[in-house]
């Protein structure tokens, strides 16, 4: 398995390591629920160096991404501005989801999923062959995500001078770039914070300094429950190459107001004409039980299936994302180990700013 630059730091902290898409990564450092709650109430940090950082550079970088992405990079005009988008195949299925950052007119940065690295890079190279661009993967960078209501204040203690001033001014979904340092006000937990890219050789010292400021190391287990509470999709479960963003609750990431021809547009237009058959909704289990991906959901409008699920430490009950008939609402039943347990259909997210959203409980 591949190892991140922080591998030894994880072992020294007693992390339980697992195989995640070919990377040896920490699942937790003891209590997953404590790590989850630390992020919701204070600040936690995640090693996400397994993510793939790719720069697209060249005179036709914008034109290339305009064809490649379902969201429209014309929205990216100010250096540091970020955009969430899906990369689709011709059938409208999601090859990967990613964040695109605008650095300059001939330089964009993409941060894509580790699980889709090989096929994603192959797709970029294939589609980019017709454009005057260069695609560069950055193996030399480490990525640390600092998340939570106190994350920004604690992380800013590690910077000074002009860097601190610029980072302090960052708005959500913007980034600051200074040579090898790249700080984005983005994340995957539903909390505020930063995702910080730096040279691999500086990562362990930065990690230790964050911990000295009271930022708790957190593993992939807490990251998954946090993103589930926030209603954020996980590639390979809530969307994939056989499911379009219109079915996956990601219609807001698709820009079709003009005649821009991006890959997958015709398939999405056809799906809209024929009627979108399903939606991605939230489920809250009314009683005791465990929600997991792949469970049958029975509604008055027909059957569906859970795509993500687990125990919510904030809500103290089981929750899930599910692909169900578009007209389904109200009560439903979920098949769990041969029994049908009652659940309620809700609109994600489940948790915002550390508290249950309206109508969830």
At what distance in nm do the modelled label points of residue 168 and residue 137 sit from each other, each positioned 7 Å from its Cα along Cα→Cβ?
3.9 nm
If packing is taken as the mean number of other Cβ atoms within 10 Å per residue, what is the order of 18-29, 59-70, highest first?
59-70, 18-29
Let me have the 222 nm mean residue ellipticity of the chain computed from DSSP H runs of 4+ only, each contributing -39500 (n - 2.57), with the sum over all residues rounded to the nearest 500.
-6000 deg cm²/dmol
Hey, with R₀ at 30 Å, roughly what FRET efficiency would residue 273 and residue 240 work out to, going by the Cβ-Cβ distance, to 0.05?
0.85
Give me the distance between the Cα centres of the stretch 294-342 and the stretch 39-107, rounded to whole Å.
31 Å
Peptide ranges 46-55, 247-256 listed from the most packed, as the mean C-beta count within 10 angstrom indicates:
46-55, 247-256
Equivalent ellipsoid dimensions for the stretch 115-187 as semi-axes, Å, which come from the Cα gyration tensor, largest first:
31, 14, 11
Over the stretch 201-251, with a single point scatterer placed on each C-alpha, what log10 of the ratio I(q)/I(0) does the Debye formula yield at q = 0.26 1/Å?
-0.96
Label-point separation in nm, residue 204 to residue 89, each point 7 Å along Cα→Cβ
4.2 nm
Express the Stokes-Einstein translational diffusion coefficient of the chain in µm² s⁻¹, to the nearest whole number, given a Kirkwood radius over alpha-carbon pairs, 25 °C and a viscosity of 0.890 mPa s.
116 µm²/s
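Each value in this text was obtained by applying a stated rule to the coordinates, not by laboratory testing. As the structure is a computational prediction, the values presented were derived from the model and not from experiment. No Cβ is skipped: glycine too gets one built from the backbone with ideal geometry, and neighbour counts run over all protein chains shown.
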